[in-house]
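S.K.: Just passing along the structure, written as structure tokens.
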Amino acid sequence: MSNRPTLLRFGLALSVLGALAVAVAPLLPVVRAGTGDVGPAILAAAAVATITASAVPVAAFAAAHRSEAAAGALLAGAGGIAAGAVLADLTLFVDAIDANRFELFRPVTAAALTAGPGAAMVLAGHLCSVLAGVAGAITAARAPGTDGGPVGTRPGPAVVAGIVGAAIVVAAGSVAPVVVSADPVIVARGVLDAPAATAFGGVLAAMLALVTVAWALGSGATATAAGAITGTGLAAFALFAPRFVAGLAGERLAPTAATVAGAIAAVLLVALGAAMPAASARRAARTARPAGTAVPRSGRAHAVAGVLGLVTAALAVVGAVLPALSVPDGYDVPALPQTRALLVAGLLLAALSVWLLLSAYAEAVRPAVAVPVVAVATTAAAVLQAWVVAADLPGVGAGPGTAVVFAAAVGAAATGVAVIAAGAAERDRVDTSAVRDAAARTRAVVTAAAVVSVVGLAVPLYHGAGSVLTYPWGYGVWGRLLLAVAVVVAGAVAVRSRPARGGALLLGTAGATAAYASSWVLVRGVRQDPVAVVGVAPVILGTVLLLVAACLTFREETP
């Protein structure tokens, strides 16, 4: 028997074990002290957890009868969400009282809590799901060929827009507060303000949800893409639904709007993912063309990315100009200096996104857009953090600029998904069997650029910007961490890409780091006690090294 069915059966078995473990966990002592009998809330959440956790293996078994690749992709999509859940589960062992896992237990005193067998069981269940996802991803990767151009061009704009929008809401719900608490014992924190394991788990789940959807829309196999999107939605619903029920049934607790929206968006992902094959077939029948007529699908993908990039850039520029704060009558509205860096990042993204609308240049410029999109999210996060600090003052609230800046951050996520999907559409027409390895000196320069850039992003450029050495982090630090990850990933991708694409990616990365470095100059004039050049020097050096690496990459001959 071939390895592929064997590996898939292994993944399916692990998925079943993971679902059983997650379903049983709430029935065991999750912590050994500090909880009371909350009966109905935990039992209701346990019942929902059992149903939702079992949905992934049931759907995978059903898909396996039609397509091994679809079943594997479904497990892979679910495994990405489970990877974030594994990190969040670790909080049960180090800081259980602040874990906010009300679907598993509810603390009734402020006494220290010790993890029990239920905590180990839920961790084991999510680990099994991750391993099942790995087996499923390998199975899907080994599937033969594609059945056309990028999947995102087939089911129609309404379906694709719904999938992208649902993925963004799922990602946002993964890092938003789970419940609103009126209980003096329970402090309901947002995920980004929670213990480190919970925070990183939420961020990882959010990022993998977006990446999975972007990959699926850019892939060439409809069944595989549908499986990945459906698996992501099922796993996300298995996280949101029990938390919603626990918050709804628990006294003095209530689920937040983010939890409700996340659960609804997860259901929408499942429905749209499952409907993709039929929607694609119907649309293909309606728009059938004579034989030999090419459909410019990759061009459409670039156009979508360009439009989203321009919209996001416009939101960033408008958000930077509008007042971010509202103050009582008679007071001048203070300007947040962080908006100046957001303005620079927005203008950079606009300048690059325009070229995606021009078919002659779209493929060459597309890699350069990827990291500047992240720079918009990073600078938007800094503005939102400044608003959070200022809002603690009496009478100060959010101004119109804050809502627009938040919309720019959401737009950056959508643009990032579209850019990744456009890149996948390009690769469907390129022979990727031969993997390129950059020259040793190019790899050395790229590595050095990534290292010093990450160091520069870790330290604050001005007083009050926050440092990774002090936790919990504010939105600004989380935004810088996101940019640091993007720089590292861009470097790793560039040294394995075709020289023209790799060089463009490095140039765009240099532009993003330069936009971030500009905040030191733009903000220091209006902030007291700016940090000295020690903070900005690594970012500037990293930008220079990225430019050198781009030049070296362009000079290499295409294999």
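S.K.: At 0.36 nm per residue, minus the direct Cα-Cα distance, what do TYR361 and ALA158 gain on full extension? Give it in nm, one decimal, please.
M.R.: This chain segment gains 70.4 nm when fully extended.
S.K.: Which FRET efficiency value, to the nearest 0.05, is calculated for ALA141 and ALA257 with the Förster distance at 45 angstrom and r the Cβ-Cβ distance?
M.R.: Working from the Cβ atoms, E equals 0.75.
S.K.: Here is a follow-up. Counting only the backbone N, which residues of segment 44-64 are under 15 Å from the spot 7 Å out from the Cα of ARG9 toward its beta-carbon?
M.R.: 61, 64
S.K.: For the pair ALA47/GLU556, report the inter-label distance in nm, with labels modelled 7 Å from Cα in the Cβ direction.
M.R.: 5.9 nm
S.K.: What nm distance separates the two modelled labels at VAL58 and VAL388, each placed 7 Å from Cα along Cα→Cβ?
M.R.: That separation, rounded to one decimal, is 3.8 nm.
S.K.: Same structure again: Could you order ILE81, ILE540 by accessible surface area, starting with the largest, using a probe radius of 1.4 Å?
M.R.: ILE540, ILE81
S.K.: Order SER129, SER453 by their accessible area, 1.4 angstrom probe, all chains in place, largest first.
M.R.: Greatest to least solvent exposure: SER129, SER453.
S.K.: May I pose another question? Ordering LEU27, LEU482, LEU75 by accessible area with a probe of 1.4 Å, largest first, what comes out?
M.R.: LEU27, LEU482, LEU75
S.K.: In square angstrom, rounded to the nearest 10, how much accessible surface does TRP215 have for a 1.4 Å probe?
M.R.: 110 Å²
S.K.: Report the accessible area of GLU363, computed with a 1.4 Å probe over the heavy atoms of all protein chains in place, in Å² rounded to the nearest 10.
M.R.: 50 Å²
S.K.: Hey, another quick one. Viscosity 1.002 mPa s, temperature 20 °C: what is the translational diffusion coefficient of segment 206-265 from Stokes-Einstein with a Kirkwood Rh over Cα pairs, rounded to a whole number of µm²/s?
M.R.: In µm²/s, the coefficient rounds to 169.
S.K.: Please compute P(r) over all alpha-carbon pairs of segment 339-402, binned at 10 Å starting from zero, and give each bin as a whole-number percent.
M.R.: Calculated P(r), rounded to whole percents: 21, 37, 23, 13, 5, 0.
S.K.: Which value, in Å² and to the nearest 10, is the accessible area of THR447 when all protein chains are kept and the probe is 1.4 Å?
M.R.: Roll a 1.4 Å probe over it and THR447 shows about 80 Å².
The values are calculated or read from the model by the stated rules, or taken from the named source; none is laboratory data. Here the structure is a predicted model, which is why all the values come from computation and not from measurement. With ideal geometry, Cβ positions are generated from the backbone for all residues, glycine too; neighbour counts draw on all protein chains shown. Note: areas computed on protein heavy atoms with side chains; ligands, DNA, RNA excluded. Shrake-Rupley method; radii C 1.70, N 1.55, O 1.52, S 1.80 Å.
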